[in-house]
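S.K.: Below you will find the structure I want to go over with you.
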Amino acid sequence: MNRQITLLPLGVDNLERAVAFYRDGLGFATKGIIGTEFENGAVAFFNLQSGLKLALWPRKSLAADSGLPMQAPCALELSIGHNVASEAEVHAVMQLARQAGATIVKPAQTTFYGGYAGYFQDPDGHLWEVAFNPGFASLG
């Protein structure tokens, strides 16, 4: 498994307020909120270091995409995104995670944005998304 982290999605209660904090308060550059035309698709991306993006996403949207129910702050506070180069690599990483003791919470499947992704939790319950997103480089 390539250990490079590419996306840090943070679940937020109020997307507009969170974007204002990171953009206006901390000076993080963004193209603003995108994906509002999709149910549970609204998100804001910020470029961090080379190859790393921060994504702000409503908690309820993160819950819907992962298949986990809304709950008190816990696993949905942060999911770690691992982007790969193909659907086959999504499957390979998901299998590697399962073999290492992860719990698969959403098997890899086609996404609403034209990509391919699945979710697993590590033994401590931290949520990871393994995704192939052909448009990832243009976000942020």
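The values are calculated or read from the model by the stated rules, or taken from the named source; none is laboratory data. Keep in mind the model is a prediction, meaning the values are calculated, not measured. Note that we place each Cβ from the backbone using ideal geometry, even for glycine, and neighbour counts take in every protein chain shown. SASA here: full protein model, heavy atoms, side chains in, ligands and nucleic acids out. Shrake-Rupley method; radii C 1.70, N 1.55, O 1.52, S 1.80 Å.
S.K.: Looking only at the range 95-116, filter to residues that are open to solvent by less than 80 Å² (accessible area, probe 1.4 Å), hydrophobic (A, V, I, L, M, F, W, C) and touching a residue at least 24 places away in the same chain (Cβ under 8 Å); which one of those is nearest to A44 (Cα to Cα)?
M.R.: V105
Rundown of residues vs (1) under 21 Å from M1 (Cα atoms); (2) at pLDDT 95 or above; (3) of a type in the set (K, R), yes/no style:
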position: Q71; (1), (2), (3): no, no, no
position: E87; (1), (2), (3): yes, yes, no
position: Q95; (1), (2), (3): yes, no, no
position: R98; (1), (2), (3): yes, no, yes
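S.K.: Name the residues in the range 1-57 that are in a strand (DSSP E or B) and either over 19 Å from S138 (Cα atoms) or of a type in the set (G, A, S) (or both), would you?
M.R.: Passing the criteria: L10, G11, V12, G32, A44, A55.
S.K.: Quick check on this structure: which one of P123, P69 is assigned to a loop (DSSP other than H, G, I, E, B), out of contact with any Gly (no Cβ under 9 Å at 6 or more places or on another chain) and on the phi < 0 side of the Ramachandran plot?
M.R.: Answer to the check: P69.
S.K.: In the range 35-58, how many residues are in contact (Cβ under 8 Å) with a residue 40 or more places away in the chain, open to solvent by less than 30 Å² (accessible area, probe 1.4 Å) and farther than 15 Å from A131 by Cβ?
M.R.: 4
S.K.: From the list A63, A85, A92, which residue is part of a loop (DSSP other than H, G, I, E, B) and either open to solvent by 20 Å² or more (accessible area, probe 1.4 Å) or touching a Pro at 6+ places or on another chain (Cβ under 9 Å) (or both)?
M.R.: Result: A85 is the single residue among A63, A85, A92 that is part of a loop (DSSP other than H, G, I, E, B) and either open to solvent by 20 Å² or more (accessible area, probe 1.4 Å) or touching a Pro at 6+ places or on another chain (Cβ under 9 Å) (or both).
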